[in-house]
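Enquirer: Sharing a structure, written as structure tokens. Questions coming.
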Amino acid sequence: MSRFRTVLFWVHFTCGTVAGLFIAVMCATGVALAFEKPVTDWVARDASRLTAPVGASARLGLREIVKRAREARGDARPTAVTISIDRAVRVEFGRDGAVYVDPATGDVRPEPAGARRFFQSVEDWHRALAQTGERRTIGRAISGACNAAFLVLALTGVCLWTPRRWSWSAIRSAATLRWRLAARARDFNWHTTVGFWCSPVLVILTLTALPMSYRWANDAIYHLAGGAAPAGPGGDAAPEPVSPPAPDARPLDQDALLAKAQALVPEWETITLRLRAGRRPESAGARPPREEGQRSEGRRGAGSVNFTIRAKNRWPAFASINLTLNPYTGEAIQRADLPGTDTGRRWRSWARFLHTGEAFGTPGQAMAAAGALGGVVLVLTGLALAIRRIFGRGKPAAANADSA
């Protein structure tokens, strides 16, 4: 048993020494990202404010809202529109930010750019160590490898802490921070205690990050669930065009399709329409432009229209409804309640939102942030212990681990 613990110690020591600084960056950025949405919502509270309750008859049409948003942003192309029951309409422009359009007055208010730029930078560091272009692939590979190393650290740390003889004194020693210790004794106590409390969270965070870094891990979720991973970018296949019911049939406009979606999900809270075309309206006298959110028409017909809907009182907290409508009739082609009944998709959705903490709402995000902050402490105290060991200062940590 002693030899096995020695092997575990050296695996733990090597992973922490080699990947420690990278892991510290990922943990520090993870703390910030855990609260990205509540922080950005708070910063944008004035821009997203409704001046007055808006009835259906007083609301501007989506085409007009998108037009005003385009005019305010010049050459930027809108990528999505989100309608909320208690906020102004949000028009996104990909990584170029977003604006809020008051559906009653048509006023365009830009989303504060500072918070968006900050979290984009933090996310770039978290996912790819702030690498861009061709080097981004290298950055993502390093981040994925360091996340795997962190999983090994969390698991081996639990094994190293596990006492040979269970007793209340052993548990109390590992679970209590001692503030008056100095130097190496303090680092060892903090490393052990923070690991005791944070290891379960860190195992979940690192394990659920593997499918985001490695295709084989993503596919493994679906295989374990008894199915196959979906094909296509992001795991979803592109929708097939819909044949028109008559040769001269024209697709419904956006507002008619939105009304259909609202009728199909009356408990909606937010509805997001992804815009595929992103082109400016054509000049007068030309052929009427196709609606945003629909594929170009041709012999095969217009593309289906997809809405992502968040409903009130949903469970789990990340649950949503993906609604696909026939562009000509507004009938539902497909409705997928996520995480839904498909076991593979449900497991994959849980993996994604357990990693961010969103699976359990604000308490889950707070727990994820606390775990990531604990990871920073573990790295700093672990590196301090490693430096003392390498330079021969103090009793080897392995001896303490074996004597627990």
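The values are calculated or read from the model by the stated rules, or taken from the named source; none is laboratory data. On a predicted model such as this, the values are computed, not experimentally measured, just so you know. Glycine also receives a Cβ, built like all others from the backbone with ideal geometry; neighbour counts cover every protein chain displayed. Protein only, heavy atoms only, side chains kept; ligands, DNA and RNA dropped before computing areas. Shrake-Rupley method; radii C 1.70, N 1.55, O 1.52, S 1.80 Å.
Enquirer: With the full set of protein chains in place, find how many percent of the accessible area of the chain is carbon and sulfur; take the probe as 1.4 Å. Please report the intermediate quantities before stating the final value.
Expert: Numbers: 13030 of 21920 Å².
Carbon plus sulfur share of accessible area: 59 percent.
Enquirer: Moving on. Roughly how many whole Å is it from the C-alpha centroid of the stretch 319-374 to that of the stretch 62-138?
Expert: Using only Cα atoms, the two centres lie 21 Å from each other.
Enquirer: For the chain, what is the accessible area per residue in Å², given a 1.4 Å probe and the full set of protein chains? Let's see the in-between values first.
Expert: Details: 21920 Å² over 404 residues.
Value returned for the chain: 54 Å² of accessible area per residue.
Enquirer: Then there's this: Rounded to the nearest 0.05, what FRET efficiency is calculated for residue 64 and residue 224 with R0 set to 56 Å and r the Cβ-Cβ distance? Provide the component values of the computation, followed by the final result.
Expert: Values: r = 48 Å, r/R0 = 0.86.
The value I calculate is 0.70.
Enquirer: At 7 Å along the Cα-to-beta-carbon direction for both residue 145 and residue 45, put a label point, then send me their distance in nm to one decimal.
Expert: Taking the simple label geometry, residue 145 and residue 45 are separated by 4.5 nm.
Enquirer: If each residue of separation counts as 0.36 nm, what is the full-extension length gain between residue 334 and residue 4 once their alpha-carbon separation is subtracted?
Expert: Working: separation 330, 0.36 × 330 = 118.80 nm, distance 5.39 nm.
My answer for the length gained is 113.4 nm.
Enquirer: Separate question: Relative contact order of the chain, please, whole-number percent, based on alpha carbon pairs below 8 angstrom and at least 6 residues apart. Walk me through the numbers before you get to the answer.
Expert: Working: 613 pairs, mean separation 84.4, N = 404.
Reported as a whole number, the value is 21 percent.
Enquirer: In the neighborhood of residue 131, defined by Cβ-to-Cβ distances under 11 Å, what is the net charge if each Lys or Arg adds +1 and each Asp or Glu adds -1? Let's see the in-between values first.
Expert: Values: positive: 127, 135, 136, 140; negative: 124, 134.
So the environment of residue 131 carries a net charge of +2.
Enquirer: Please build a GNM for the chain, connecting alpha carbons under 10 Å apart, and tell me which residue among 49, 215, 274 fluctuates the most.
Expert: 215
Enquirer: Okay, moving on. Relative to the longest principal Cα axis of the chain, at what angle does helix 215-224 sit, 0 to 90 degrees, rounded to 10?
Expert: The answer is roughly 90 degrees.
Enquirer: Rounded to a whole number of µm²/s, how large is the Stokes-Einstein D of the chain at 25 °C and 0.890 mPa s, given Rh as the Kirkwood radius over C-alpha pairs?
Expert: Working: Rh = 24.4 Å.
Translational diffusion coefficient: 101 µm²/s.
Enquirer: For the stretch 78-233, what class follows from the C-alpha gyration tensor (a ≥ b ≥ c being the square roots of its eigenvalues): rounded when a/c is under 1.5, otherwise prolate if a/b is larger than b/c, else oblate? Don't skip to the answer; put the middle values down first.
Expert: Values: a/c = 2.40, a/b = 1.77, b/c = 1.36.
Prolate, because a/c is 1.5 or more and a/b exceeds b/c.
Enquirer: Which angle from 0 to 90°, rounded to the nearest 10, does the C-alpha axis of helix 2-33 make with the longest principal axis of the chain?
Expert: Once rounded, one gets 40 degrees.
Enquirer: Which order do 45, 348 take by accessible area at a 1.4 Å probe, largest first? Please report the intermediate quantities before stating the final value.
Expert: Numbers: 45 110, 348 50 Å².
Putting 45, 348 in descending order of accessible area: 45, 348.
Enquirer: How much space per residue, in cubic angstrom, does the convex hull of the C-alpha atoms of the stretch 160-223 take up?
Expert: 132 Å³
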